Structure formats: structure tokens, C-alpha cells
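Here's the structure, in C-alpha cells; my notes come after.
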Amino acid sequence: MNSQKQSDPRERILEAADRLFYTEGVRATGTEKIMSVSEVAKATFYRHFPSKDDLVTAYLEYRDRSFFEYLDSPAPPEDIHEALVRIERVVNRADIIGCPFLRIASEYPDFAHPFHRIAVEHENKFLAYLINLLKPFAFDKRTVAAALLSVVDGGLTTRMLYGTSREVAILAPAEAVLKSFQSVRTQRRS
């Protein structure tokens, strides 16, 4: 018996969905394909995920959890610079083809759609994470965090457009954002 059939069916379903939703899109990926790739029967699939929507929600929760676990491993970053280094590293991994949340938001552009709302919640959580790392600075943390988030999202969009054919810079433009806000603050004090 192969190791995939011996592993937890729920995990196999979620792993297959993660790969397929991320690379092919949610709308383009049917439950039958996920069942086939994960090698589970229809009854097993629906026992773990009563609907495709439940599976998509679990996928997005998994992606959110994985992202923040990555950022905080092996320990939370000591400062914004360390966090940006980690973000640049993950954005440039060979398996990264864009932000799964931006991809979902583009597939489900209706702001009221539950998947779109989950994507917005993830962005807000990431924004709060960045704001927290900016505590030592004496500028409008929310504005700077939003600018840094734009740099990261722009990098992920570049990755989605060009794939792995080019390295995506996150650290240098993010540090330029930080310096520009610090210099504005210094100029105002003068």
C-alpha cells in the first residue's frame, strides 16, 4: 500500500486542494479532480468537507496559518528588517507563484463573497502584524505598514506575472519606504 493511501484522508484532500487551487484556481478545480489527486472516495471527501466552499475555506485558513507560522519560525522576527528578509525569501521560493489571497480575491471580486472577505481578513491581519513590528518608529505606523504591504503585494503580483524568471526585490524597496517616512519625520522636526 502506498504512503499516500496510508496518510490521513483529510490531509490528503487539503494538500491536493492547496496545490490545485493555488496553481489552477478555485473555479477551475472541481471536487472530482481533488478526489482523484488525493485518492479518496466521494463519501470520504464529503465526510471531511461537506461542500467545496468548506474546502476552500479550509484551504484559505491553512494558507493564512502557514504564512504566519513561517514568519514566526523558528522565533518571531526581532524587528521589521528581519521580517522583510523572511518575506523576501518566501516570495522568491521556487513554488511561489503569487499571493493565494490576491488570487482568490481576483476570482471572487464581490466584496461580500465569503472568500473575498477571508482574503481581506488576511490582508488586515498582515497589516496589523507589520504595524506591530513598527512600534519602535516615530511615524504613522498604519500608513507605513500599508506602504510596506503594497511593496509585498506588488512583489507577489510581479511573481504571478513573471513566475520564477526574475528575482523579486522586497527588502530594498521596503527599506526605501521606511527611510522616506523617517526623512519626512526628520524634516518636519527641523
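The values are calculated or read from the model by the stated rules, or taken from the named source; none is laboratory data. The model shown is predicted, which means the values in this text are computed figures rather than measured ones. Because the Cβ atoms are built from the backbone with ideal geometry, glycine has one as well, and the counts that use them run over all protein chains shown. Protein only, heavy atoms only, side chains kept; ligands, DNA and RNA dropped before computing areas. Shrake-Rupley method; radii C 1.70, N 1.55, O 1.52, S 1.80 Å.
Regarding D95, is this residue in a loop (DSSP other than H, G, I, E, B), under 13 Å from the mean Cα position of the chain (by Cα) and free of Cβ contacts under 8 Å to residues at least 40 places away in the same chain? For D95, the condition - in a loop (DSSP other than H, G, I, E, B), under 13 Å from the mean Cα position of the chain (by Cα) and free of Cβ contacts under 8 Å to residues at least 40 places away in the same chain - is met.
For region 7-55, the set of residues classified as of a type in the set (D, E) and either at positive phi or assigned to a helix (DSSP H, G or I) (or both) consists of E11, E15, D18, E24, E32, E39, D53, D54, listed by residue number.
The residue that is surrounded by the fewest Cβ atoms within 10 Å (Cβ to Cβ), counting only those in region 124-150 that are without any contact (Cβ under 8 Å) to a residue 12 or more places away in the chain and among the polar types (S, T, N, Q), is N124.
For region 160-177, the candidate set comprises residues that are modelled with pLDDT under 95 and touching a helix residue (DSSP H, G or I) at 6+ places or on another chain (Cβ under 8 Å); within that set, the residue that is least open to solvent (accessible area, probe 1.4 Å) is M160.
Restricting attention to region 98-120, which residues are part of a helix (DSSP H, G or I), without any contact (Cβ under 8 Å) to a residue 24 or more places away in the chain and not hydrophobic (A, V, I, L, M, F, W, C)? S106, H116, R117, listed by residue number. In region 55-81, the residues that are of a type in the set (K, R) form no Cβ pair under 7 Å with any partner that is part of a loop (DSSP other than H, G, I, E, B), whether six or more places apart or across chains. Take the conditions (1) part of a loop (DSSP other than H, G, I, E, B); (2) surrounded by fewer than 19 Cβ atoms within 10 Å (Cβ to Cβ); (3) within 12 Å of the chain's Cα centre (by Cα); D153 misses just one of them, which is (1).
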